[in-house]
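K.L.:
Take this structure, written in structure tokens, and hold onto it; I'll ask about it next.
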Amino acid sequence: MSIRIQSALFMALLSSCLLGCGVEVGNPSEPTPTQPKGDNQPAIPGLPSVPVESIDPVEPSEPVKIDVRYLVESQYDEAITAALDFAFDNTGVALVAGNGTRSCGAQVDGSLILNHQETNTATRTSGQAADATRVTESFSRVFASRMQSAGKTLACNTSLTKPNIDWATTTDVIMDGSLDRTNSRLVVTDPAQQFVRESSVKSKGGHQSSIKKMKFDQATGLQLQRSLVFGTDMEITNRTAMSGATVLKTRMETMADVPLVIEETYNAESKLKSLKINSGAVSSRKLDDGLMVIMRYSNVVLDAQGSCRPTSGTVLGEIYSPENPTQIRDTFSIGFSERQNLIVYADGTASKLEFEPCRIETDGDKSGNGDGSKGGGRN
């Protein structure tokens with residue numbers, strides 16, 4: 001019996017159990033993960049020993065799966081954007097060849113007002129060998145936020161572009177802000193240049209990031225933990241080779257009492273060493289029919305060398321039906337290999353995902369702090 005058939009039978013039984021039990025969604029904090037969590041690289045849900053490389057992805061044809069894929073991609077992109085661009089120094093991620101401006105202004109109450117704008121564009125290869133595609137992406141972002149720390153007066157760097165935080169004396173920092181973002185993505189088959197799909201996303205929302213110092217040593221570096229909550233209104237216009245253009249409007253937010261908990265580690269030169277989403281859950285609900293997707297993160301380590309892709313941990317998903325919003329319609333996991341990400345459903349079928357690539361500022365901003373960071377801010 002083939003791996004696909006075995007997994008389909010196994011997950012059919014699992015899905016029957018889940019659907020029979022049902023999960024209330026009136027209180028978003030109630031649904032619980034329906035699949036085991038762990039540190040292993042996710043593959044077919046419930047069968048983590050099946051490698052992602054053994055799964056042949058296909059373009060989805062069912063309207064629900066098309067919508068789900070766009071919700072999953074946009075939700076991950078928005079979560080990572082919020083997590084990194086609302087870090088304590090308001091820098092974070094950018095596509096290669098990005099252009100941006102930043103400003104930092106000290107306020108009389110000891111807080112800082114931060115603004116960050118950037119526009120970016122890039123083309124990259126996604127997938128492996130004969131299945132590789134070319135993906136062209138562009139986006140613009142506008143951030144405005146306020147940073148404060150109880151009982152402390154915060155300072156900007158000498159170029160007035162970023163905060164300059166003394167982590168030897170600072171315990172925690174809170175940031176409140178807004179994020180406006182547009183993104184476009186075009187996927188074509190290379191070298192045939194055959195159109196696969198395209199999408200454009202407009203999003204606007206509010207964010208709050210609570211950052212706590214976990215460990216600081218002047219000689220070895222800094223470890224931070226950040227609790228992130230956000231709510232975003234999003235409009236996604238998409239078109240595939242098999243379907244015409246559609247517009248999907250959704251409300252996306254971290255779930256009640258389940259914020260994204262993120263750990264960042266920096267070396268003594270204030271360069272990012274590691275980035276991990278310890279836990280958290282984010283929901284996306286379509287406004288027209290109520291279709292809801294929940295993604296749950298567990299020990300997800302991100303590539304800090306240039307892609308922001310997951311390299312280990314689990315991202316598990318649940319789909320709630322518009323017709324019966326109190327029960328799980330389907331489950332999925334995010335599988336990742338060296339060159340691609342997949343959404344893998346409970347029946348063993350899978351489709352390719354395109355997450356927004358990024359450049360994490362591990363090498364320092366050449367405009368710099370001017371007066372030098374005092375212990376852990378990204379330079």
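Where a number appears in this text, it was derived from the coordinates with a stated rule and is not lab data. All figures in this text were calculated on a predicted structure; none of them were measured in a lab. Positions of Cβ are generated from backbone atoms using ideal geometry, with glycine treated the same way; all protein chains shown enter the neighbour counts.
K.L.:
If you average the C-alpha positions of the range 253-272 and of the range 98-161 separately, how far apart do those two centres end up, in angstrom?
P.N.:
Taking the Cα centre of each part, the range 253-272 and the range 98-161 sit 16 Å apart.
K.L.:
What percent of all Cα-Cα pairs in the range 165-300 falls into each 10 Å bin, going from 0 up to the bin containing the maximum distance?
P.N.:
Here the calculated profile for the range 165-300 is 11, 28, 29, 20, 10, 2.
K.L.:
Moving on to the next point. Rounded to the nearest 0.05, what FRET efficiency is calculated for Thr246 and Ser312 with R0 set to 35 Å and r the Cβ-Cβ distance? It would help to have the intermediate numbers written out before the result.
P.N.:
Numbers: r = 34 Å, r/R0 = 0.98.
Efficiency, from the Cβ-Cβ distance: 0.50.
K.L.:
To continue, here is another question. Among the listed pairs Lys271/Lys352; Lys65/Lys249; Lys162/Lys204, which are separated by more than 20 Å between their Cα atoms? It would help to have the intermediate numbers written out before the result.
P.N.:
Details: Lys271/Lys352 32 Å; Lys65/Lys249 16 Å; Lys162/Lys204 23 Å.
Going by Cα-Cα distance, Lys271/Lys352; Lys162/Lys204 fall outside the 20 Å limit.
K.L.:
Based on the mean of other beta carbon atoms within 10 Å per residue, what is the order of 230-243, 191-204, most packed first?
P.N.:
Values: 230-243: 17.5, 191-204: 15.5.
Highest mean packing first, the order is 230-243, 191-204.
K.L.:
Note down the net charge around Asp190, summing +1 for each Lys or Arg and -1 for each Asp or Glu among other residues with Cβ under 11 Å from its Cβ. It would help to have the intermediate numbers written out before the result.
P.N.:
On the way: positive: Arg124, Arg134; negative: Asp131.
Residues near Asp190 contribute +1 overall.
K.L.:
Could you sort the peptides 157-165, 58-66 by per-residue average Cβ neighbour count (10 Å cutoff), highest mean leading?
P.N.:
On the way: 157-165: 20.6, 58-66: 14.6.
Going by the mean number of other Cβ atoms within 10 Å, highest first, we get 157-165, 58-66.
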